[in-house]
Amino acid sequence: MPAPLRFGLIGCGGLGRVHAECLKRIPEAHFVAYCDIVEDAAKELLEDFGGEYATTEPGRVLEDRSLQAVYIVTRHDSHAPLAIDAARAGKHILIEKPLALGIEDCETVAREVEKAGVHLMPAFKMRYYPLVRMAREFIPEPLVMVGQMMDRRWADDSWAQDPVTGGANVHSQGCHTTDILRYFSGSEPEAIWAAGGTFTHPRHACIDQCVASIRFANGHVAAWIQGDAGLPPFTGKFYFELFGNGGRSVQLYDRLKKATFSDGERTWTEERPEEEGFHLENVEFVRALLEDREPELNARDGIQATRMVLASDRAIRTGEVQRL
């Protein structure tokens, strides 16, 4: 049996720990290097999951020729520069969402990845929820879609709410919702109109609520709702709904662990005991590297998800339909 792939983890906060837990269950790869601006955080993961060293210097990880790949699990404004440096260092990359907060940064990352000949996978975990995949198989051509991600009000002092480091709720998390709507559609977005504003964080630089209408190139349409006006107890934070031909429909809810299917005559519910997206996206990344192929998700997926979020922002601010 070949030796496990050697990975480095840049960003040892809560999400970094989640990825470390996932990789612990995948024998073909393991983290050997941990990096965080808070040295104790890196040392804690080294102690908990094993490896060789902890550091506060990303350069040490990127220059380590024994590593095949790095995970970038840091604040959003650092994603692009770290990904560019990782590509130039010849490292494959799994990067937490969003790929970057600006489209130019996203495209620069994509160019550097292509130039270096490495693989980059954006961590859109929702793509890997079994019921999400089941829904797409059940309705491969959805005529109408609904995507909703609503959360409790984010704290004003949260780094994710900061305009520079996190981009606030719609920019920070909206890429999850737009990516899944694009995935369900099987087509590229063509036009977006949106309304919204700073309802829960008045006078903030970033919008916090968004209600958008999206038309895809294949004619499919979607309604997208994003914000932090409140956590809906009935559906849970994540909710998607698909309508197809023949009266078919699917509703995904309870953090995508439950789905109700209807074929127009009978209705049934499928359930999963836990959220599996994080683990299964890690499995895909490791398999892609072992098989020397591009992961199912690549830089283009990251670009398009962010492009849709930014287009909705422009639509809200200008009142005009945005063509993509």
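Quick note: the coordinates plus some simple rules give every number you see, no bench work behind them. Everything quoted here is computed from the prediction, not taken from an experiment. Cβ: placed from backbone, ideal geometry, glycine included. Neighbour counts: every protein chain shown.
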Taking Cα centroids, how far is the stretch 267-286 from the stretch 1-45 in Å? 21 Å
Can you give me the relative contact order of the chain as a percent, contacts being Cα pairs under 8 Å and 6 or more apart? 18 percent
For the chain, which longest stretch is free of loop sites, where a loop site is one of the trypsin sites (Lys or Arg not before Pro) that DSSP puts outside H, G, I, E and B and that has at most 10 other Cβ atoms within 10 Å? 66-202
Whole Å is fine, so just give me how far the alpha carbon centre of the stretch 224-243 lies from that of the stretch 292-311. 23 Å
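So between Arg287 and Ser78, what do we pick up on full extension, going 0.36 nm a residue minus the alpha carbon distance?
Values: separation 209, 0.36 × 209 = 75.24 nm, distance 2.65 nm.
The span from Arg287 to Ser78 would gain 72.6 nm if fully extended.
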For Lys125, list the lysines whose Cα falls under 20 Å from its own Cα; do not include residues on the same chain fewer than 8 positions away. Lys24, Lys97, Lys237, Lys257, Lys258
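Could you tell me the calculated FRET efficiency between Val321 and Glu141, based on Cβ-Cβ distance and R0 = 25 angstrom, to the nearest 0.05? Mind showing how you got there, number by number?
On the way: r = 24 Å, r/R0 = 0.97.
After rounding, the FRET efficiency stands at 0.55.
If r is the Cβ-Cβ distance from Arg266 to Val221 and R0 is 22 Å, what FRET efficiency results, to the nearest 0.05? Spell out each step's value before the answer.
Working: r = 27 Å, r/R0 = 1.20.
Between Arg266 and Val221 the formula returns 0.25.
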Neighbour cut-off at most 14 other Cβ (10 Å), DSSP loop, GluC sites (Glu not before Pro), the stretch 231-289: Glu265, Glu274
Excluding residues fewer than 8 positions from Lys43 in its own chain, the aspartates and glutamates with Cα under 17 Å of it are Glu21, Glu52, Glu57
With volume of the Cα convex hull per residue in Å³ as the read-out, I listed (i) 123; (ii) 185; (iii) 137; which label goes with the value calculated from this structure? (iii)
Taking only DSSP H segments of four or more residues, each worth -39500 (n - 2.57), what value at 222 nm results for the chain once the sum is divided by all its residues, to the nearest 500 deg cm²/dmol? -11000 deg cm²/dmol
